[in-house]
Amino acid sequence: MKTGSTHISTDKKRRALAPISEVRGDELWYLVGSSCDNTCVECIADHGRFLGWPERAKSLPVPERKGQIVFIAGREPTYLKKLEGLIRVLQRKGWSRIGLVANGVQLDKPGVAAAFKQLGLSEVRVKVFDLIPQQADAYASLDGANEKSLKALRALNEHASESFQVRPMIVLHQGNIERSEEVFAYAASLSHDGRFAAVCSPELYRSLPPGDRPPLRARLKKELRASGGVFISPANE
């Protein structure tokens, strides 16, 4: 699952980032290290660390309660073989539910869904930025990324089941936050069962005065309950 040439930085000396953990409500996200300097927005939902959001320990996490799910996220989570190794280690750490947050690149390839199921993934979330590509952010309009996400969802939805959930994950940013209900309806239409997730980009959340954040969360949660979605809390809040 290599990302290809979607990174728009010209810096050839990007360093590998150490994996970190982020607590997001009832979920835990484990961000895989990658050569990245955050000059693209491909992983806009994942890199709160660049914006000063608190980090957890860099060691592999263990579940804090029964039934908790951990999502492997970060810049596109590399290759199946590397993903397999990470999943096996997380399983040995006690995680019975493991998910993946991805940007759609190469997820429509034949055999990927079967491999995910064999690895024991419980849920795959594919990032979607907007129903109108021209109104999405820079990455979603780059190199057909929006269409790649749609192809990935169509391919994975064919294999969705109770034990292997496939969900669109809407990334809320400055370009779509005022059209959230419209965007949520679009996300529900992309899902095999009408369920989806929504997450605020770090840039959007940081741009709000602290007093404006609770009302925004309350509004989004209300809209999401009505449309079949679930709100993914900002990291460590």
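For this structure, a couple of remarks:
- The overall shape of the range 168-233 is prolate: from the C-alpha gyration tensor, with semi-axes ordered a ≥ b ≥ c, the ratio a/c is 1.5 or greater and a/b exceeds b/c.
- Among the listed pairs K81/K127; K109/K222; K117/K151, those beyond 28 Å (Cα-Cα): K109/K222
- Bridge type composition, the range 106-235 - antiparallel percent by DSSP, nearest 5: 5 percent
- Expressed as a fraction of 2.2 N^0.38 Å, the C-alpha radius of gyration for the range 109-237 is 1.08.
Computed from the coordinates by the stated procedures, all read-outs in this text should not be read as laboratory data. Source: prediction; values computed, not measured.
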